[in-house]
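No lab work stands behind these numbers, since they all come straight from the coordinates. No experiment lies behind these values; they were computed from the predicted model shown. Glycine gets a Cβ as well: all are built from the backbone with ideal geometry, and neighbour counts include every protein chain shown.
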Amino acid sequence: MNTWGQGLRLSIFGESHGPAVGITLDGLPPGEEIDMEEINREMLLRAPGRSELTTARREPDQVEILSGLYKGKTTGAPVCGLIYNVDARPEDYDSRLRPGHADWTALLKYNGFADMRGGGHFSGRLTAPLVFAGSLAKQALLRRGAEVYGRIAGIGPVKDQALACTPEAWREIAQKAFPAVDEAALKNEIVKAKDAGDSVGGIIELVVFGLPGGLGEPFFGSMESIIASMLFSIPAIKGLEFGDGFRLAALRGSQANDELILENGAIRSLSNHNGGILGGITNGMPLVLRAVVKPTPSIAQEQRTVDASTMQPALLKTEGRHDPCIVPRAVPAVTAAVALCVLDRMLAAKYIS
Ligand SMILES: Cc1cc2nc3c(=O)[nH]c(=O)nc-3n(C[C@H](O)[C@H](O)[C@H](O)COP(=O)(O)O)c2cc1C
């Protein structure tokens, strides 16, 4: 369904070319001070039309808060945020199914009743309300010493340089509009794909600093399961690894284990191959994950498809507006999603109230 969470409960709604998209976020503690400037900054990092590397659709993505906020602080009642679609252009779409998009599966599931314009409810536009809710969560977490940062770790075959796992290094990179060390090399991959009428994917890396140990529940409530359920809800996320993830397969136990030491009477590990989670529970080391974003389905090259209205073979070349690469706009969505997961677990465990 479109509702998620235990400690928090969020419900997302809207379509890409309908009047608005939005979210209702229930369970935020009362009295949380909300910095609207920070929310607007994060909304603009995700918003379309802000650089030549994104779609030409231009949305202001200003959030109208309908409830749950009074005199700049949360009241404890559900926060409902609405984001109007002001630059919708539904005439760009017809009944030819876009290969790689959810047009095909929306047709199967909703028997032709789904609003298919620009992906409808399956559109990346639904990440705008997620970024709004995540920004609220991030502010609540920061007040409790936890910081969530994301960066672009690779575009297509080009990997960015490694980044030290320190709050200072990540705070700095998170301030950039294109959060990568070697911006030019990565941007060049996007430009090359765009010039070829094609698209390209990439990898987002994310770190949470300042997490307490002991968050998460065994088995189905594991930190990894909660984060995976949320991250795979974001359109175009197709892979996820925690810590060294798939690279662990090539290591021996002696290399993969994080050896333990005592530091000022507390246990910590010398390395962090497990990404801050063991047995589904945080261990107090930085939580580290990487998410794979696939190349944008809509491309300006001709591909074979089916016209759903005639059920005849067709050819499709997407002439409408689309992102040559989703990765830069997905970074705020991924950080928002993880912030919501951490806050959800803290509230569910009554770690905070
Ligand atoms: C921020 C963001 C922007 C997106 N922009 C586009 C786009 O312009 N064109 C497109 O075809 N898909 C875009 N997508 C991806 C599709 O929504 C997604 O691939 C589709 O819903 C199918 O879902 P799946 O890839 O998770 O299987 C975007 C996704 C995100 C997160």
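What spacing in nm lies between the two simple spin-label points modelled at V292 and Q175, each 7 Å away from Cα in the Cβ direction?
3.4 nm
Find which of C341, I326, Y351 sits farthest along the positive direction of the dipole of the stretch 281-353, computed with +1 on the beta-carbon of Lys and Arg, -1 on that of Asp and Glu, about the Cα centre.
Toward the positive end, the furthest listed residue is Y351.
For K194, give me every one of the aspartates and glutamates with a C-alpha distance below 16 angstrom, ignoring sequence neighbours fewer than eight places off in its own chain.
Filter leaves E52, E302, E319, D323.
Between the stretch 184-198 and the stretch 236-286, what's the alpha-carbon centroid distance in Å?
34 Å
Using Cα atoms only, what is the angle between the long axis of helix 183-195 and the major principal axis of the chain, expressed in degrees (0 to 90) to the nearest 10?
With rounding to tens, the tilt is 20 degrees.
Any idea what the relative contact order of the chain is, in percent, if you count C-alpha pairs under 8 Å spaced at least 6 apart? Display every interim value, and only then the final one.
Details: 747 pairs, mean separation 79.9, N = 353.
The value is 23 percent.
Using +1 at the C-beta of Lys and Arg and -1 at the C-beta of Asp and Glu, which of L126, I173, A162 has the Cα lying farthest in the positive direction of the dipole of the chain?
L126
How many nm separate the modelled label positions at I65 and L262, each set 7 Å beyond the Cα in the direction of the Cβ?
For I65 paired with L262, the spin-label model returns 4.7 nm.
In whole Å, how far is the Cα centre of the stretch 60-90 from that of the stretch 17-31?
If you average the Cα positions of each part, the centres end up 6 Å apart.
If you place +1 on the Cβ of every Lys and Arg and -1 on the Cβ of every Asp and Glu, how big does the dipole about the Cα centre of the stretch 285-336 come out, in debye to the nearest 20?
Using Cβ point charges on Lys, Arg, Asp and Glu, the stretch 285-336 gives about 200 debye.
Once both labels are modelled 7 Å past Cα along the beta-carbon direction, what's the A300-E37 spacing in nm?
Placing both labels 7 Å along Cα→Cβ, they lie 3.9 nm apart.
Using Cα positions and a limit of under 16 Å, work out the lysines in reach of K73, with same-chain residues fewer than 8 apart set aside.
List returned: K138.
Given that compact globular proteins tend to follow 2.2 N^0.38 Å, what is the ratio of the alpha-carbon Rg of the chain to that value?
1.01
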